[in-house]
């Protein structure tokens, strides 16, 4: 969870009282909580009493010691502290040494206050991203991300098996699937079950960032590289060093960026925008797309060599309409989640509603289903969801569907045909899950609803591996 500026604490360490006062005033106006020190000893004393420091602005030369040594000592007690080194004796060697020792940035005096404030905001953003990743990782156990991928269908089982096989490799993965199928969940499952799990997972939505800004976002830039570049900026690839970068909507990359990405994949190095300095990174790449990249290669909008570099390990997530036996599990999962997060008490879905939802095409896939359940949790609040509770588009065709299995219309047979056994199995699973949901997983009552012998139902549940979703 990100924090607001007024909850961020900054330590300013400089022996120039004029500069300390100026920094205190401008940072205070920006909403930061600021404490100041003029010596190394004073800074260490203050830090010992304040373990919640987020950022330290440290002068390189202090009356009683070296600013880099102070930074190291501060980080020993607060490893998450972000440090910026300030100096009137700027040299390339000093800058290199500072960054090697863990400084976020190095700024030479005299500096423009606007540039420094921009640097402070970027440093805080970097800290926020680190914290969000750390919070997420602290909530994970080894299989946590697998449990977020809901379903028992053969299609989703194959996806899970593939994730388990590739997670502990460094191979590049290309995740394909329609919008809303859960491509980012797959990327997170791969990362958090890999040897890189303790490092950062850095996402980049290539379709959401304007093309003229995307290169800077991915590779970073140096001060003066273009209009508005008032300070150096670290790119997402550099942030993901020793971790994983997730490039979502990879098919939206421009031809120029495709060339640059190809080089990073091949050589694991790049230059920030406007810089001649090459940065080397150790990073795993996971890309995702909802378009047909092979078709894009044929029509010339996507480079063939880049496609083959990305498509080392392909993982395809099928749309929800092709794995409808997972719908009851997903509905149960989201009902439980929204009941808890929104203080509601939905009890489940009527048979008529379940029939409608099983026959619906789900163009928005799991994201659409999740949004529907959230809407029902808020508007319905409690009890069993009936047909009248559904939005109009989900109610269409209700009059053509009976309330019992005997009156159900046959599924329309597509021209390409279908797997009969899979279709029957999916429908049987859905009916059993409905009965169990309606009865709170009371097998006796569920068997009565289905006109089955209890032992028959128990055997089917065991054979199919049907379990409540926690």
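The values are calculated or read from the model by the stated rules, or taken from the named source; none is laboratory data. On a predicted model such as this, the values are computed, not experimentally measured, just so you know. Because the Cβ atoms are built from the backbone with ideal geometry, glycine has one as well, and the counts that use them run over all protein chains shown.
When 57, 70 are checked against the criterion of being touching a residue at least 40 places away in the same chain (Cβ under 8 Å) and part of a helix (DSSP H, G or I), 70 stands alone in meeting it. For region 381-393, the set of residues classified as farther than 12 Å from residue 342 by Cα and either free of Cβ contacts under 8 Å to residues at least 12 places away in the same chain or not in a helix (DSSP H, G or I) (or both) consists of 383, 384, 385, 386, 388, 390, 391, 392, 393, listed by residue number. Filtering region 313-348 to residues that are in contact (Cβ under 8 Å) with a residue 60 or more places away in the chain, more than 27 Å from residue 290 (Cα to Cα) and surrounded by 18 or more Cβ atoms within 10 Å (Cβ to Cβ) leaves only 348.
Residues in region 451-468 that are part of a loop (DSSP other than H, G, I, E, B), under 41 Å from the mean Cα position of the chain (by Cα) and surrounded by 14 or more Cβ atoms within 10 Å (Cβ to Cβ): 1 in all.
If you check 300, 343 for being at positive phi, outside the structural domain of residue 385 (by TED's automatic domain parsing) and modelled with pLDDT of 90 or more, only one passes: 300. For region 349-384, taking the residues that are out of contact with any helix residue (DSSP H, G or I) (no Cβ under 9 Å at 6 or more places or on another chain) and closer than 14 Å to residue 180 by Cβ, the one that is surrounded by the most Cβ atoms within 10 Å (Cβ to Cβ) is identified as 367. Confirm whether residue 338 is within 30 Å of residue 220 (Cβ to Cβ) and outside any strand (DSSP E or B). In short, no.
Within region 215-235, the set of residues being surrounded by fewer than 21 Cβ atoms within 10 Å (Cβ to Cβ) and either under 19 Å from the mean Cα position of the chain (by Cα) or not assigned by TED's automatic domain parsing to the domain that holds residue 193 (or both) comprises 217 only.
Each row is one residue, and each column tells you yes or no for (1) modelled with pLDDT of 85 or more; (2) within 19 Å of residue 16 (Cβ to Cβ); (3) in contact with a strand residue (DSSP E or B) (Cβ under 9 Å, 6 or more places away or on another chain).
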{"residue": "84", "(1), (2), (3)": "yes, yes, yes"}
{"residue": "92", "(1), (2), (3)": "no, no, no"}
{"residue": "105", "(1), (2), (3)": "yes, no, yes"}
{"residue": "114", "(1), (2), (3)": "yes, no, no"}
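In this structure, is residue 276 modelled with pLDDT under 95 and part of a loop (DSSP other than H, G, I, E, B)? Judged against the criteria, residue 276 is a match. Filtering 448, 434, 401, 408 for residues that are under 21 Å from residue 323 (Cα atoms), surrounded by 13 or more Cβ atoms within 10 Å (Cβ to Cβ) and modelled with pLDDT of 80 or more leaves a single hit, 434. Every condition in (1) under 36 Å from the mean Cα position of the chain (by Cα); (2) buried (at least 21 other Cβ atoms within 10 Å of the Cβ); (3) at pLDDT 85 or above holds for residue 98 except the one numbered (3). Across region 79-99, the number of residues qualifying as out of contact with any helix residue (DSSP H, G or I) (no Cβ under 7 Å at 6 or more places or on another chain) and free of Cβ contacts under 8 Å to residues at least 60 places away in the same chain comes to 11. Touching a helix residue (DSSP H, G or I) at 6+ places or on another chain (Cβ under 7 Å) and either surrounded by fewer than 17 Cβ atoms within 10 Å (Cβ to Cβ) or at negative phi (or both): does that describe residue 287? Here the answer is yes, as residue 287 does meet what is asked.
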